[in-house]
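Worksheet for the structure shown next.
Bear in mind these aren't lab numbers, they're just calculated from the coordinates by the rules spelled out. Since the structure is predicted, the reported quantities are computational estimates derived from the model, not experimental observations. Every residue, glycine as well, gets a Cβ built from its backbone with ideal geometry; the counts of neighbours run over all protein chains shown.
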Amino acid sequence: MPLIAVLPGDGIGPEVTEQARRVLDTLNLELTYEEAPVGGAAYYSDGHPLPERTLDVARRADALLFGAVGDPRCDALERQFRPEQAILGLRKELELFANLRPARLFPGLEDASALKPEVAGAIDMVIVRELNGDVYFGEKGFRKTAAGRREGYDVMSYDEDEVARIARVGFETAKVRSGKLCSVDKANVLETSQLWRDVVIEVSAEFPEVELTHMYVDNAAMQLVRNPGQFDVIVTGNLFGDILSDQASMCAGSIGMLPSAALNGSGKGLYEPIHGSAPDIAGQGKANPCATILSAAMLLRHSLGIEEAADRIEAAVTAALVSGARTPDLGGTLTTSEMGDAVLKALG
Ligand code: NAD
Ligand code: IPM
Ligand code: MN
């Protein structure tokens, strides 16, 4: 029986994960679950944001359902003890280098989007974000300059193999969608990005059926707001993908709507909403659980191959939204668990 590691984490993480679990439980799939602490919660219970017992479950599991990590009380801790190290550590430890972040406007959410309804209505894209490299994992530190001033540094780098493997995921994703791939970089300024662009072009020879374009990240940020319908699949680095996906979420209605899958090519994956622990609304029942529920659907599809159940969950979220179910981020008044109820009701 497949084993799912459930890592609720901090803030709204446990609240949204609970709703995704209810949805999975209702489907009566043959799955086993093991829950483990992660993030600030794990720091306080076990002394480390990613304790050995959590890593052990993560390694044994067929897939991981992750809530969110982050706790303002931990902001002053030495970096290795901060909650965010848990998600970074899992991505690295399990070599989850490919992050799929689908952004689409669900029917009826035009008025929740920050964009004009007719502009927002066209949003249906996947951001393929590299997750194991870039400025996130380069050498970093603090030092004193020759003049005795404090200096912080984080080295941005990619090697060609790292770029080639994420490029292939981008092309494969585009191949089964519209056949259009847009690679986003900053090759006009950064050597890292010049290599990125060169390697993406080299890999494109393996995918003659996919039309490749390139865009600088600053322009991409602007185009996402001006005409998001032009994008189908975007492939980009770790930092640019992080920023552009938060932006795309708001174009599509709310950050509470975007799920994600972090994959390593083996079938195993970590599934989480793209949002964080939202300390400003934690514990108030205001969080939108849809992103996490949709992440559970991605888990069933990508790691367990249970396509039909994944489709059912996505259809139920759509039906709940069409029926008018809305949490406050979407302009409604439902609580997190009432939104879960609406999805369960639509599941029948
Ligand atoms: P955030 O995504 O937690 O919140 C940003 C804003 O969006 C807040 O106003 C929040 O209330 C709102 N929001 C987020 N999710 C929502 C939901 N499901 N429903 C309704 N509203 C929602 O980003 P932040 O405030 O910059 O970060 C808070 C903490 O989360 C930080 O510690 C950060 O490092 C962490 N973080 C973790 C992850 C992760 O675990 N993968 C992702 C992003 C941020
Ligand atoms: C995300 C988050 C993380 C990231 C942080 C919490 C490390 O913003 O999952 O999008 O930057 O990747
Ligand atoms: Mn982010």
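Restriction of the trypsin sites (Lys or Arg not before Pro) in the range 60-118 to DSSP coil positions whose beta-carbon has at most 14 other beta-carbons within 10 angstrom yields no sites. Placing +1 on the Cβ of every Lys and Arg and -1 on the Cβ of every Asp and Glu, with no other charges, gives the chain a dipole of roughly 480 debye about its Cα centre. Taken over the C-alpha atoms, the range 78-118 has Rg and Dmax values of 17.3, 47 angstrom. Annotated for the chain: lysine pairs at least 8 residues apart or interchain, Cα distance under 22 Å, count 5. Quick check: from the Cα gyration tensor, does the range 98-263 come out rounded (a/c under 1.5), prolate or oblate? Note, shape of the range 98-263 comes out oblate. Candidates 240, 112, 138 compared by Cα position along the dipole of the range 98-263: farthest toward the positive end lies 112, with charges placed on Cβ. Ordered by the count of other Cβ atoms within 10 Å of each Cβ, fewest first, 38, 189, 176, 23 give 176, 189, 23, 38. Averaging 1/r across all pairs of distinct Cα atoms in the range 264-342 and inverting the result yields a Kirkwood radius of 13.5 Å.
Taking one quarter of the surface of the C-alpha convex hull of the range 196-268 gives a mean projected area of 6.2 nm².
Residues whose amide H comes within less than 5 Å of that of residue 235, counting only those at least five positions distant or on another chain, are 128, 182, 183, 184 (H built at 1.01 Å from N in the peptide plane). Put a plus charge on the Cβ of each Lys and Arg, a minus charge on the Cβ of each Asp and Glu, and nothing anywhere else: the dipole of the range 98-263 about its Cα centre is then about 520 debye.
Neighbours of residue 306, meaning other residues whose beta-carbon lies under 13 angstrom from its beta-carbon, give a summed charge of -4 when Lys and Arg score +1 and Asp and Glu score -1. Working from Cα pairs under 8 Å separated by at least six residues, relative contact order for the chain is 22 percent.
Using only the alpha carbon atoms of the range 150-233, find the Kirkwood hydrodynamic radius as the inverse mean reciprocal pair distance, in angstroms to one decimal.
So the Kirkwood estimate lands at 13.7 Å.
Could you pull out the trypsin sites (Lys or Arg not before Pro) across the range 123-159 that fall in loop regions by DSSP (anything but H, G, I, E, B) with no more than 16 other Cβ atoms inside 10 Å?
Answer by residue number: 149.
Other residues within the sphere of radius under 9 Å centred on the Cβ of residue 214, judged by their own Cβ, net out at 0 (K and R +1, D and E -1). Only alpha carbons enter this Debye calculation for the chain, each as an equal point scatterer, and the log10 of I(q)/I(0) it gives at q = 0.08 Å⁻¹ is -0.37. The helix-only estimate of mean residue ellipticity at 222 nm for the chain, built from DSSP H runs of length n ≥ 4 each weighted as -39500 (n - 2.57), is -12500 deg cm²/dmol after division by the residue total. List the residue ranges in the chain for DSSP H helices whose C-alpha atoms run 27 angstrom or more along the long axis and whose Kyte-Doolittle average is 1.6 or above. Within the chain not a single helix satisfies the rule.
Among the GluC sites (Glu not before Pro) within the range 76-106, those in coil by DSSP and having at most 13 neighbouring Cβ atoms inside 10 Å are 78.
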